[in-house]
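See below for the structure under consideration.
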Amino acid sequence: MATVDFTGEYEHRLDDRGRLAIPAAYRTSFEHGGFLLPGPDGQIELYTPDGYQAEKQVRAVGDKRRPSARRLARSFFGRVRRVEIDRQGRILIPPAMREERGLDGVTVVVGMGDYLEIWSADTWRAEQAAIDEGYAHLLEDLAEVMDNQSGSEES
């Protein structure tokens, strides 16, 4: 099994039937189809078949006799949709999933290492702003810690 390393950000347009082109560099990873799952932040996650098998192992843990474990399994398995890639390198995103995530027109495909995320352009811009704001706060906190360490070393 080859290691997949999905990176980058790609803007694509959904066609009128709800088909989305997979970035050309990653199409061979989906030659045997893929698995769509609504993500927790307003995106749709797209896994390769191997990536889906690995994700299943992570999400399907727990004793199914417990209600919380059953709910977790339902939230994963009940919402997963298998998709095939067509000759033009597109997948069909089911209508209910498109509507739930506000996907129409311009979308952004984001590499997440071992899977891809599919975002509406507006939701992605809001997420990117939140990421940038959080990063700025992280840098400020780090600078404060470094200053405090420098000050304590000089004493």
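Which of Trp124, Ile85, Tyr26 sits farthest toward the positive end of the charge dipole of the chain, with +1 on the Cβ of Lys and Arg and -1 on the Cβ of Asp and Glu?
Toward the positive end, the furthest listed residue is Ile85.
From the P(r) of the range 9-154, can you give the percent of Cα pairs sitting at distances over 20 Å?
More than 20 Å apart: 56 percent of the Cα pairs in the range 9-154.
log₁₀ I(q)/I(0) of the range 6-52 at q = 0.14, 0.19, 0.22 Å⁻¹, via Debye over equal Cα point scatterers, no solvent, to two decimals?
Values, matching the q order: -0.38, -0.72, -0.97.
Rounded to two decimals, what is the ratio between the C-alpha radius of gyration of the range 104-155 and 2.2 N^0.38 Å?
1.82
Taking springs between alpha-carbon atoms closer than 10 angstrom, which of Glu45, Glu31, Glu99 fluctuates most in the Gaussian network model of the chain?
Greatest mean-square fluctuation among the candidates belongs to Glu99.
Exactly which trypsin sites (Lys or Arg not before Pro) in the range 39-134 are in a DSSP loop and have at most 11 other Cβ atoms within 10 Å?
Taking the range 39-134 and a limit of 11 other Cβ atoms within 10 Å, the loop trypsin sites (Lys or Arg not before Pro) found are Lys64, Arg65, Arg87.
Every number in this text was worked out from the coordinates using simple rules, so none of it is lab data. Just so it is clear, the model here is predicted, and its values are computed rather than measured. No Cβ is skipped: glycine too gets one built from the backbone with ideal geometry, and neighbour counts run over all protein chains shown.
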